[in-house]
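Accompanying notes for the structure given below.
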Amino acid sequence: MKFITTRTLMAAAALAATGLSAKAQSSVQLFTLVDANVSHYSAGSKSGAGNVTSLNDGTTNGLNGSRWGIRTTEDLGGGLKAGVLLEGGFGVDTGAPGQGGRTFGRQGYISLSSSNLGELRMGRQYIFEDSVMGMTNPFGNALTLNPGTGVTNAGKALPLWLNAPRADNVVQVQSLVYSGFQAGLQVGAGEGTADRFHGVKLGYGQGAFNTALSYEWNRARSTGDSVNKSLTVAANYNFGSFKVLGGIQRNRDLVTTSGNGAFTGSNLTVTGDVTFAMDRTTGSTVGVEVPMGQWLFGANYTTVKYANAAGTSQTLGKAAAGARYGLSKNTFLYAAASVATGDLKDYISQKSVTQVGLRAAF
C-alpha cells in the first residue's frame, strides 16, 4: 500500500511538473512602439504646392510606424508551436487609428510552425516584397532613404517603388532554411470584392552575403487576367566595417482596381513635361550602411522610370543620407535628408526633405 501511495504521489508530481513546464513554454506579450519626427518638405517649382513643415508619425519617413500589439506563442510539443499576432497601428501625431481605422490593421494572423517543416500563417500580413525591399536599403525601408516612400506629383499620390505593404485574407506557407535557402508562397482570396493575390519568395543567406527575390501578382476578378505583376530582387554584403546594399524592381500591367496586393494605389497618372497614364515602372537602388559604435550611418540612391506601352516615359530619382543613434537597444534618435533628381523633380511636393525624429519601443 505504501508502494502504491508513493507511486501515486510521484505520478501526481510528474503531472504537476508537466503542467508547470507547459505553462512555462507558453507566453503572452503586450508590446508598443512609438515613433515621431519633424520633417520639412521643399516643393518643386512646378508641383503647385508650397513648402511644409510637419510633425509626422513614423509611418512617414520614420524608423517604424507607431503601433501596439499582442503576441502569443504556445509550445505544442513534438516541434510544433502555435502563435497569434495582433498588431494595430496609430498615428502618434494625431492619436487616430492607422490603416484606415482597422483595429489590427498592421497585422492579424494565426500561425502553426514545425521545427521539421516550416510555418503556416493565416490572416492579414506583410507581403514578401516588403521584406525583400528591406534588404536593398540602409535602415531597412526607413527614413527618407526608403525606396517605398511615395511622392505627391501635381497633387496626386505617385509611388516610387511599389510597397503595399500588406494584404488581406492571406494564407502563407514558408519553409525552413535549408543550406541557406528558404522559400515561401502566399495566396490572398479576393472573396468577390478584390482581386486574388499571389506571391512567391526565394531567399539565400550564408555568412556576410544575403539575397532574395519576390514575385507578386493579382488575378483580376472581372477578366481573369494577371495584373500588377511585380518582381523585386535584393542583395547585400556585410564587409564588417560597412555593408553594401542594392536591388531592382520591375512592375508591369499596373491597374488601380485590384484592392489587395502589391499595388493598392488610386493613381497611375504621371504629370511632368508630358502627362500620361503609366502601366509599368522599372527601378533600381544602391546604398551603403556604416556602423560606428552607437551610430549607424547610411546613404543611397534610388531611381524609377514610369512608362506606358506607347513608349512615353518620365524618370524620378532620390539621393538620400541618414543617421541613427542608439540611446538603448530600443530607443533611437535619427535624422535624414533627401533630394530629388530626374524628369519629375520639379513636379513633386517633396523635391527635398529634411527630418529629425525619436523612436522608442517597449
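Observations
- Placing a label point 7 Å from the Cα of Leu202 along the Cα-to-Cβ direction, the residues of the stretch 248-265 whose backbone N falls under 18 Å from that point are 248-250.
- Theoretical FRET efficiency, 1/(1+(r/R0)^6), r = Cβ-Cβ of Ala360 and Gln29, R0 22 Å, to 0.05: 0.85
- Restricting the calculation to Cα atoms, the chain yields a radius of gyration followed by a Dmax of 23.3, 97 Å.
- The modelled label-to-label distance for the pair Asn238/Leu333, using points 7 Å beyond Cα in the direction of Cβ, is 2.6 nm.
- As a proxy for reagent exposure, Trp217, Trp161, Trp68 were ordered by neighbouring Cβ count within 10 angstrom, fewest first; the result is Trp68, Trp217, Trp161.
- Whole-Hz ³J(HN,Hα) from phi, Karplus 6.51 cos²θ - 1.76 cosθ + 1.60, for the stretch 265-281, glycine and proline x: x, 10, 9, 10, 7, 9, 10, x, 4, 10, 10, 7, 8, 8, 10, 7, 9
- 0 to 90° range, to nearest 10: angle between helix 2-24 axis and the chain longest Cα axis: 10 degrees
- Cross-link pairs exceeding 21 Å in C-alpha to C-alpha distance, out of Lys81/Lys329; Lys46/Lys318; Lys156/Lys345, comprise Lys81/Lys329.
- Cα principal axis extents for the stretch 241-362, largest first, Å: 52, 30, 26
- Extended-chain gain in nm, criterion 0.36 nm per residue less alpha-carbon gap, Phe181 and His40: 46.5 nm
- Estimated FRET transfer efficiency when R0 is 45 angstrom, pair Ala189-Met292 (beta carbons, to 0.05): 0.45
- Computed from the Cβ-Cβ distance with R0 of 41 Å, the FRET efficiency linking Thr256 to Asn51 stands at 0.90.
The numbers here are math on the coordinates, done by the rules we state, and not lab data. Values in this document were obtained by computation on a predicted structure and should not be read as measured data. Glycine also receives a Cβ, built like all others from the backbone with ideal geometry; neighbour counts cover every protein chain displayed.
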